[in-house]
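Enquirer: Below is one structure. I have some questions about it.
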Amino acid sequence: MLRTILGSALALMLLTTTATAAEGDSECLKAGESISAFYVTKVAGADEDGVEKGQDLCYRCLYGSRPMVMVFARKTDGNVPALVKKLDDAIAANESAQLKGFVTLIGKDASALKQEGEKMAKKTGAKNVPFTVAKETESGPAAYRIPADADVTVVFANESQVVGTHTYAADQIDISALAEQVKQAIN
């Protein structure tokens, strides 16, 4: 009987450890992790980047190992327009460092996301930031583990590795902290 109890306790411990590890795996990318390819459809913005509106591509792949800022947004209100404007300015100011960035909208309705991307491009006047819709529309690219409860997730990468990630409610984006992270990403 003692063996049965110990065996059951051990099995329960293993099950609990596995469940905890699986939950930990769902956290967003961490510094030092590699960024992977994911496909989007360009819906607006960055008219001079050589990518046509409606084209399917991997912007992460197009940008290669350059420093980049990837914004994944479920909402586009609050501080999101200010974030996009700041990112657009940072890309222009860091042309010599080849800083790149893009916004990927995620959610349930791809058609509504495309319309929202077009509205955001007009609202922000961003010249260097393309607005895209993820092929994995509802949750974003699985390998990026975008938290389901985050309105906005920002991933900074350089040399194809994550420099930092931040998640926010749309109205609580810390733009000054993100500007500092841009400096770290390009160095």
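The values are calculated or read from the model by the stated rules, or taken from the named source; none is laboratory data. Note that the structure is a prediction, hence the values are computed from the model and not measured. Every residue, glycine among them, receives a Cβ derived from its backbone with ideal geometry; neighbour counts consider all protein chains shown. SASA here: full protein model, heavy atoms, side chains in, ligands and nucleic acids out. Shrake-Rupley method; radii C 1.70, N 1.55, O 1.52, S 1.80 Å.
Enquirer: Evaluate the following for Ala121: is it at pLDDT 95 or above, under 14 Å from Arg74 (Cα atoms) and out of contact with any helix residue (DSSP H, G or I) (no Cβ under 7 Å at 6 or more places or on another chain)?
Expert: Judged against the criteria, Ala121 is not a match.
Enquirer: Identify, from the list Ile106, Ile91, the residue that is out of contact with any His (no Cβ under 9 Å at 6 or more places or on another chain), hydrophobic (A, V, I, L, M, F, W, C), surrounded by 14 or more Cβ atoms within 10 Å (Cβ to Cβ) and free of Cβ contacts under 8 Å to residues at least 40 places away in the same chain.
Expert: It is Ile91.
Enquirer: Ok, one more. Going by the structure shown, is Lys42 modelled with pLDDT of 95 or more, outside any loop (DSSP other than H, G, I, E, B) and either under 14 Å from the mean Cα position of the chain (by Cα) or surrounded by 15 or more Cβ atoms within 10 Å (Cβ to Cβ) (or both)? Lay out the reasoning, then the answer.
Expert: Working: modelled with pLDDT of 95 or more: yes; outside any loop (DSSP other than H, G, I, E, B): yes; either under 14 Å from the mean Cα position of the chain (by Cα) or surrounded by 15 or more Cβ atoms within 10 Å (Cβ to Cβ) (or both): yes.
In short, yes.
Enquirer: Turning to a different aspect of this structure: Where residues in region 174-187 are within 22 Å of Asn79 (Cα to Cα) and among the β-branched types (Val, Ile, Thr), which of them is surrounded by the fewest Cβ atoms within 10 Å (Cβ to Cβ)?
Expert: Ile175
Enquirer: Sticking with this one: Go through region 152-173 and give me each residue that's in contact with a strand residue (DSSP E or B) (Cβ under 7 Å, 6 or more places away or on another chain), open to solvent by 30 Å² or more (accessible area, probe 1.4 Å) and under 15 Å from Pro81 (Cβ atoms). Please lay out each step first, then the result.
Expert: Here is the first cut: in region 152-173, the residues in contact with a strand residue (DSSP E or B) (Cβ under 7 Å, 6 or more places away or on another chain) are 152-157, 160-168, 170, 173.
Okay, now just the ones that are also open to solvent by 30 Å² or more (accessible area, probe 1.4 Å), so 160-161, 163, 165-168.
Correct list: Tyr168 only.
Enquirer: How many residues are in a strand (DSSP E or B) and either open to solvent by less than 40 Å² (accessible area, probe 1.4 Å) or touching a Gly at 6+ places or on another chain (Cβ under 6 Å) (or both) if we restrict to region 94-103? Break it down stepwise before answering.
Expert: Taking region 94-103 as the starting set, the residues that turn out to be in a strand (DSSP E or B) are 100-103.
Next, only the ones that are either open to solvent by less than 40 Å² (accessible area, probe 1.4 Å) or touching a Gly at 6+ places or on another chain (Cβ under 6 Å) (or both) stay: 101-103.
Residues meeting the conditions: 3.
Enquirer: On the given criteria, is Pro81 surrounded by fewer than 19 Cβ atoms within 10 Å (Cβ to Cβ) and either over 21 Å from Glu116 (Cβ atoms) or under 17 Å from the mean Cα position of the chain (by Cα) (or both)? Quick ask: steps written out before the conclusion?
Expert: Working: surrounded by fewer than 19 Cβ atoms within 10 Å (Cβ to Cβ): yes; either over 21 Å from Glu116 (Cβ atoms) or under 17 Å from the mean Cα position of the chain (by Cα) (or both): yes.
It is true that Pro81 is surrounded by fewer than 19 Cβ atoms within 10 Å (Cβ to Cβ) and either over 21 Å from Glu116 (Cβ atoms) or under 17 Å from the mean Cα position of the chain (by Cα) (or both).
Enquirer: Let me ask another. Please enumerate the residues belonging to region 56-73 that are open to solvent by less than 70 Å² (accessible area, probe 1.4 Å) and assigned to a loop (DSSP other than H, G, I, E, B).
Expert: Cys58, Gly64, Ser65, Pro67
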